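This report concerns only the one structure given below.
The values are calculated or read from the model by the stated rules, or taken from the named source; none is laboratory data. If you're wondering where the values come from, they're calculated on a predicted model, not measured in any experiment. All Cβ positions, even for glycine, are placed from backbone atoms using ideal geometry, and neighbour counts span all protein chains on display.
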């Protein structure tokens, strides 16, 4: 779905029970991420002598795609989200110093 808009969101803002779209609260969504199973392995003289696998799989959701809103929400930790926002603000500030930057003509003084 290439025509979706992307937005970053901290994980604590994702509605759960059941998981749904952070924008419209609908459930026609696609979850993207990774599924893993923890394991423990004991080696002796370079050979595996014991292996234990966890009974349950662990799921980490990295994105929610809402088919109603046409939005893709990239899920981050709150720390990653704060850094992403700060990076975006820095990028916007740097753009203003570019010789190609054009100030909007319809801005009003505050």
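Of all the residues in segment 79-89, those that are surrounded by fewer than 16 Cβ atoms within 10 Å (Cβ to Cβ) and either within 21 Å of residue 4 (Cβ to Cβ) or touching a helix residue (DSSP H, G or I) at 6+ places or on another chain (Cβ under 9 Å) (or both) number 4.
None of 71, 76 is surrounded by 14 or more Cβ atoms within 10 Å (Cβ to Cβ) and in contact with a helix residue (DSSP H, G or I) (Cβ under 8 Å, 6 or more places away or on another chain) except 76. Filtering segment 62-79 to residues that are within 16 Å of the chain's Cα centre (by Cα), touching a residue at least 12 places away in the same chain (Cβ under 8 Å) and not in a strand (DSSP E or B) leaves 70, 77, 78. Looking only at segment 2-20, decide whether some residue is part of a loop (DSSP other than H, G, I, E, B), in contact (Cβ under 8 Å) with a residue 12 or more places away in the chain and within 11 Å of the chain's Cα centre (by Cα). The answer is yes, given that some residue of segment 2-20 is part of a loop (DSSP other than H, G, I, E, B), in contact (Cβ under 8 Å) with a residue 12 or more places away in the chain and within 11 Å of the chain's Cα centre (by Cα). Is it true that residue 22 is within 30 Å of residue 7 (Cα to Cα), touching a helix residue (DSSP H, G or I) at 6+ places or on another chain (Cβ under 8 Å) and either surrounded by fewer than 12 Cβ atoms within 10 Å (Cβ to Cβ) or modelled with pLDDT of 90 or more (or both)? So residue 22 passes the test. Is one or more of the residues making up segment 83-95 under 15 Å from the mean Cα position of the chain (by Cα), farther than 16 Å from residue 14 by Cβ and not in a loop (DSSP other than H, G, I, E, B)? Within segment 83-95 (the criterion being under 15 Å from the mean Cα position of the chain (by Cα), farther than 16 Å from residue 14 by Cβ and not in a loop (DSSP other than H, G, I, E, B)), the answer is yes, since at least one residue qualifies.
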